[in-house]
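One structure is given below, encoded as structure tokens.
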Amino acid sequence: MRLIKYLTLAVAMSRNQAGYFIRKKRVSVDGKIISDPDFEILDSNRITFDGKPISIIEHQYIILNKPKGYVCATKDGDYKTVLNLLDYRIKESECYFANILSPEVSGLVLISDDIRWASKMRQRLQKKICEYQIHLKHMVDNADLDDLLKGQDDSIASERVNEKTLKLKTVHAKSAALIGKLHSTNIAFNTIELEKIGRLSLGDIKSGHYIKLSENEFKI
């Protein structure tokens, strides 16, 4: 592994920052200052940054099936935080959300204690297709459905699952606009559930439960 990659995995910093610090001779390998970011290190090497030993952090990557009524935040005065659904070790970490669902929306949420991954994932998700399942209070007629789709420039696709269930698809960047549009129409609904983003889906994860994956297992 190259020294620059090791530093980004061990300390919360970008590749540019890691390269800068290495060239400034702030990183040592087995007691010897190394100024080459591409220096190859071994598993047995002892790495220090500013004189302090560092090691690669084993981050956690989570897919949560968020229930309705929870907020995607570390703290909130009005709603319970989704962190209450996670185990103790994760709650004690700094958690970052790759996507955020409002309290009224249930479904797929991506969480990690790796700020770099969460930031990168947020950017990658913007153009991915989100699939929502809307459970209606009563049957929606075609006029109401046309009203929902009006002026959306084909950015929303709809499918009737049954009389009281709709499936709507839109790019992640326009998800908030979709939910806002639902509120502005005559469509009355009980729940909105985000089932899928890109290739990531809830699968068999029950509401309020989650699974942990490795970073490489996240295929979007």
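The values are calculated or read from the model by the stated rules, or taken from the named source; none is laboratory data. Computed from a predicted model, the values in this text were never measured in an experiment. Cβ atoms come from the backbone with ideal geometry, glycine included; neighbour counts cover every protein chain shown.
Values for this structure:
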{"quantity": "Which numbered condition Ser55 fails, given (1) closer than 30 Å to Gly203 by Cα; (2) touching a helix residue (DSSP H, G or I) at 6+ places or on another chain (Cβ under 8 Å); (3) not basic (Lys, Arg)", "calculated": "(1)"}
{"quantity": "Residue tally, condition of a type in the set (A, V, I, L, M) and surrounded by fewer than 19 Cβ atoms within 10 Å (Cβ to Cβ), over segment 107-135", "calculated": "2"}
{"quantity": "Test for Asp76: is it surrounded by 12 or more Cβ atoms within 10 Å (Cβ to Cβ) and at positive phi", "calculated": "no"}
{"quantity": "Unique match (being modelled with pLDDT under 90, over 16 Å from Lys167 (Cβ atoms) and within 12 Å of the chain's Cα centre (by Cα)) among Asp87, Asp113, Asp146, Asp141", "calculated": "Asp113"}
{"quantity": "Check on Lys32, of a type outside the set (Phe, Trp, Tyr) and under 27 Å from the mean Cα position of the chain (by Cα)", "calculated": "no"}
{"quantity": "Residue check, Gly151 modelled with pLDDT of 90 or more and at positive phi", "calculated": "no"}
{"quantity": "Among (1) surrounded by fewer than 17 Cβ atoms within 10 Å (Cβ to Cβ); (2) over 26 Å from the mean Cα position of the chain (by Cα) - the single one Glu104 does not satisfy", "calculated": "(2)"}
{"quantity": "Close pairs from segment 129-140: first within 10 Å of Phe189 (Cβ to Cβ), partner aromatic (Phe, Trp, Tyr), Cβ under 7 Å, at least 6 apart", "calculated": "Ile134/Phe189; His135/Phe189; Leu136/Phe189; Lys137/Phe189"}
{"quantity": "Residue that is surrounded by the fewest Cβ atoms within 10 Å (Cβ to Cβ) [pool: residues in segment 146-184 that are touching a Lys or Arg at 6+ places or on another chain (Cβ under 8 Å) and of a type in the set (A, V, I, L, M)]", "calculated": "Val161"}
{"quantity": "Residue among Leu125, Leu166, Leu83 that is more than 30 Å from Ala10 (Cα to Cα) and not aromatic (Phe, Trp, Tyr)", "calculated": "Leu166"}
{"quantity": "Contacts under 7 angstrom Cβ, first residue in segment 192-203 being assigned to a loop (DSSP other than H, G, I, E, B), partner surrounded by fewer than 20 Cβ atoms within 10 Å (Cβ to Cβ) and at pLDDT 95 or above, 6 or more apart", "calculated": "Leu202/Glu195"}
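Yes/no matrix, rows are residues, columns are (1) outside the structural domain of Met13 (by TED's automatic domain parsing); (2) under 21 Å from Val82 (Cβ atoms); (3) basic (Lys, Arg):
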site	(1), (2), (3)
Leu110	yes, yes, no
Arg160	yes, no, yes
Gly180	yes, no, no
Thr185	yes, no, no
Thr191	yes, yes, no
